[in-house]
1. Please go through segment 65-76 and pick out each residue that is within 19 Å of residue 113 (Cβ to Cβ) and either assigned to a helix (DSSP H, G or I) or in contact (Cβ under 8 Å) with a residue 60 or more places away in the chain (or both).
2. One residue is enough: does segment 64-71 have a residue meeting the conditions buried (at least 17 other Cβ atoms within 10 Å of the Cβ) and under 18 Å from residue 94 (Cα atoms)?
3. So residue 31 fits all but one of (1) touching a residue at least 12 places away in the same chain (Cβ under 8 Å); (2) closer than 20 Å to residue 123 by Cβ; what number is the exception?
4. Between 81, 29, which is surrounded by fewer than 18 Cβ atoms within 10 Å (Cβ to Cβ) and either at positive phi or in contact with a helix residue (DSSP H, G or I) (Cβ under 9 Å, 6 or more places away or on another chain) (or both)?
5. Which of the residues spanning segment 84-116 are in contact (Cβ under 8 Å) with a residue 40 or more places away in the chain, surrounded by 13 or more Cβ atoms within 10 Å (Cβ to Cβ) and over 14 Å from residue 26 (Cβ atoms)?
């Protein structure tokens, strides 16, 4: 029961938060940036259910990474490190591949940081992990 309450529940709730945040940001707030950029590349913005389920998996993996990192660092270092690993590295890769619409970064940077912060806060508060 302790494992469920202190590990699985925080990861699950952080996953739900990350998934909602990603969906709202990319389907409602930034979809026009993505679709215009994809169209300019001769691509179609991927928003099929399979694509959504891969983002769900990404959200779970990101929440697990935050959980692991949170065992070593306090709230702010965990937030910064998680945000860097989850987003900055992804943006570098997508920019290198030529598929990152740079205009989204004005919105994506603060919103993704908020996403990482709240996911970290959820995990820290619910897991009661003591920082080493």
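The values are calculated or read from the model by the stated rules, or taken from the named source; none is laboratory data. All of these numbers come straight from a predicted model, not from anything done at the bench. FYI the Cβ positions are ideal-geometry reconstructions off the backbone, even for glycines, and counts take in every protein chain you see.
1. Within segment 65-76, the subset within 19 Å of residue 113 (Cβ to Cβ) is 65-67, 69-70, 73-76.
Result: 65, 66, 67, 69, 70, 75, 76.
2. no
3. Residue 31 satisfies every listed condition except (2).
4. Details: 81 fails: surrounded by fewer than 18 Cβ atoms within 10 Å (Cβ to Cβ).
Testing whether each residue is surrounded by fewer than 18 Cβ atoms within 10 Å (Cβ to Cβ) and either at positive phi or in contact with a helix residue (DSSP H, G or I) (Cβ under 9 Å, 6 or more places away or on another chain) (or both) leaves just 29.
5. 114, 116
Yes or no, residue by residue, for (1) modelled with pLDDT under 90; (2) surrounded by fewer than 16 Cβ atoms within 10 Å (Cβ to Cβ); (3) at negative phi; (4) in a helix (DSSP H, G or I):
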{"residue": "11", "(1), (2), (3), (4)": "no, no, yes, yes"}
{"residue": "19", "(1), (2), (3), (4)": "no, no, yes, yes"}
{"residue": "25", "(1), (2), (3), (4)": "no, no, yes, yes"}
{"residue": "33", "(1), (2), (3), (4)": "no, no, yes, yes"}
{"residue": "36", "(1), (2), (3), (4)": "no, yes, yes, yes"}
{"residue": "46", "(1), (2), (3), (4)": "yes, yes, yes, no"}
